[in-house]
Amino acid sequence: MKKGIQILLILCAMVIASCSNDNQENNNDTSPNPTGFVWRENLIDAPLNSASSAYFTAAFNTLIAKDANNITLFEINLTGASPGTYAIDNSSVLFTYTGVNPMYVATGGQVVITTNASGKISGTFEAFRSGTGLTRIYGSFTDVVMQ
């Protein structure tokens, strides 16, 4: 009996020692990246998409992100360019995404400008609308050049 308990304890110790830490690092961070314009569709941990180019037009307070064919994917019209939170209201602050058909027009959400310095602007955004298909977009823009 004593020998059976010892064997059982040794087997338990071997099982515990042989278990690896299966926790994988979450690589779904939506915080601003080194540079550029990135977004996720519907889920905060969905695959990360990135625009080929982006710029901010100071004359119109508009953030534009384009694909590799220079086609506008995002047009985000704000009421200013100062750091702060801009509520998407589909009136004075507009958020459109042409990467889906029909075009995505947000009915709510927010754009947060975290920095505007040295001719570059950075921040995050979350836009939403009701319905089916694409209903939420999460993303960030980092060191986007102001024109």
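The values are calculated or read from the model by the stated rules, or taken from the named source; none is laboratory data. Because the structure is a prediction, the values reported are computed rather than measured. Counting neighbours? That spans all protein chains shown, and the Cβs are built from the backbone with ideal geometry, glycine included.
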Query raised in the report: Among the candidates ASN33, ASN23, ASN116, which residue alone is polar (S, T, N, Q), out of contact with any strand residue (DSSP E or B) (no Cβ under 7 Å at 6 or more places or on another chain) and either within 30 Å of GLN147 (Cβ to Cβ) or at pLDDT 95 or above (or both)?
Result: ASN116
**Report entry** Complete set of residues in segment 110-138 that are in contact (Cβ under 8 Å) with a residue 24 or more places away in the chain, farther than 21 Å from LYS66 by Cβ and either among the charged types (D, E, K, R) or out of contact with any Gly (no Cβ under 9 Å at 6 or more places or on another chain) (or both)
**Finding:** GLN110, ARG129, GLY133, THR135, ARG136
Requested in this report: Output the number of the condition that ARG40 fails; it satisfies all remaining conditions of (1) charged (D, E, K, R); (2) modelled with pLDDT under 55; (3) touching a strand residue (DSSP E or B) at 6+ places or on another chain (Cβ under 6 Å).
Outcome: (2)
Report task. Tell me, please, whether a residue that is charged (D, E, K, R) and surrounded by 15 or more Cβ atoms within 10 Å (Cβ to Cβ) can be found in segment 31-54. Result -> yes
Report summary line: Considering residues that are surrounded by 18 or more Cβ atoms within 10 Å (Cβ to Cβ) and on the phi > 0 side of the Ramachandran plot, the number found within segment 62-109 is 1
